[in-house]
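Notes follow once the structure below has been shown.
Every number in this text was worked out from the coordinates using simple rules, so none of it is lab data. What you are looking at is a predicted structure, and each value in this text was computed from that prediction instead of being measured. Heads up, the Cβs are rebuilt from the backbone with ideal geometry, glycines too, and the neighbour counts pull from every protein chain shown.
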Amino acid sequence: MYDFTYQKPSSIADAVKLLAEPEAKALAGGQTFIPVLKQRLNKPSTLVDLAGLGLAGIKAEGDKITIGAMTTHGAIAASPEIKKAIPGLSMMAGWIGDTQVRHCGTMGGSLANNDPSACYPAAVLALNATIVTDKRRIGADEYFQGMFTTALATDELITSIEFALPVEKSAYEKFRNPASRYAMVGVFVAKSAAGVRVAVTGASQNGVFRHTEMEQALSGNWSPDAIAHIKTPPGGLNSDIHGSAEYRAHLITVMAKRAVAAAS
């Protein structure tokens, strides 16, 4: 690792002020950032630890569920409120990494990083969630802007994520890399009063995206058969030693069918 200054602020305002410094970086659960530091792929001047800001917790209030940005994957997977209201989100959180990762990694950290193979972006986009920061509210369609790119400003901090209720159906299926357990392809499907949304992660070079053709098909007929014939063009999809773009295109349909079946 490179030398850096470690700061642990006690308020959101202090954290935001520290993050405004050149090359300052936030530390949430650290499950992505710590390995990056060890590999010397990032050289922060200041490391701002967010653990003491009181941003963890899950609240079910009326027509929404609010998840604090520092809430761990394990807490989300185990939450009875989320299991009841959005079972697909609970299922997805329980599949992230391993036990150690799930007890350290956070939802806000994952969304701020926006790794193209991360699971949470698919859930947030499919569920049309709202990302709440210290400055504003950002809709999911606006928030994700490409690989490792979001609508966040450098001195802006995610404080919570809001999910509108009720969610009629939800499920997530992913084809996991056998070593890292990151999604080679992950598909989250959701149906609510606002309509059907299908989000795909792990497949595209540009990160998470909505599959509008599948959304239209499922709006008329919620069944795996409704999307069985849909083929995703391989152009723009990832191709590496783990799978070609054509293979990932095939997996999108397979995972989407499984997710729809699970949600049914």
Fewest-first ordering of M107, M92, M70 by Cβ atoms within 10 Å yields M70, M92, M107
Cα→Cβ-extended label distance, 7 Å offset, between F148 and K83, nm
3.7
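For the range 168-263, what is the convex hull volume of the alpha-carbon atoms per residue, in Å³? Present the calculation step by step, with values, prior to reporting the outcome.
Working: hull volume 8.2 nm³, N = 96.
Residue-normalised Cα hull volume stands at 86 Å³.
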17 Å Cα-Cα reach of K38 towards lysines, excluding residues that sit fewer than 8 places from it in its own chain:
K25
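Per 0.36 nm of contour for each residue apart, how much would the distance between A51 and H250 grow if the chain were fully extended, relative to their Cα-Cα spacing?
On the way: separation 199, 0.36 × 199 = 71.64 nm, distance 4.06 nm.
Answer, rounded to one decimal: 67.6 nm.
Dipole magnitude of the range 1-53 about its Cα centre, charges +1 at Lys/Arg Cβ and -1 at Asp/Glu Cβ only, in debye to the nearest 20?
160
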How much net charge surrounds T5 when only other residues with a Cβ under 12 Å from its Cβ are counted (Lys, Arg +1; Asp, Glu -1)?
-2
If the chain between H103 and T32 were fully extended at 0.36 nm per residue, the gain over the current Cα-Cα distance would be 24.2 nm
Eligible lysines near K191 by straight Cα distance, threshold 27 Å, same-chain separation 8 or greater
K59, K64, K83, K84, K169, K174, K231, K257
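Please report, in debye to the nearest 20, how large the charge dipole of the chain is about its Cα centre when each Lys and Arg carries +1 at its beta carbon and each Asp and Glu carries -1 there. Intermediate values should be presented prior to the final figure.
On the way: 25 positive and 23 negative charges, 99 e Å.
My answer is approximately 480 debye.
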Taking the dipole of the chain about the Cα centre (Lys, Arg +1; Asp, Glu -1; charges at Cβ), the one of M92, Y143, I158 that reaches farthest to the positive side is M92
Run the helix sum for the chain: -39,500 (n - 2.57) per DSSP H stretch of 4+ residues, divided by residue count, reported at 222 nm to the nearest 500 deg cm²/dmol.
-8500 deg cm²/dmol
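Excluding A78 itself, what net charge comes from residues whose Cβ is under 15 Å from its Cβ, given Lys and Arg +1 and Asp and Glu -1?
Working: positive: K83, K84, R102; negative: E81.
Computed value for this residue: +2.
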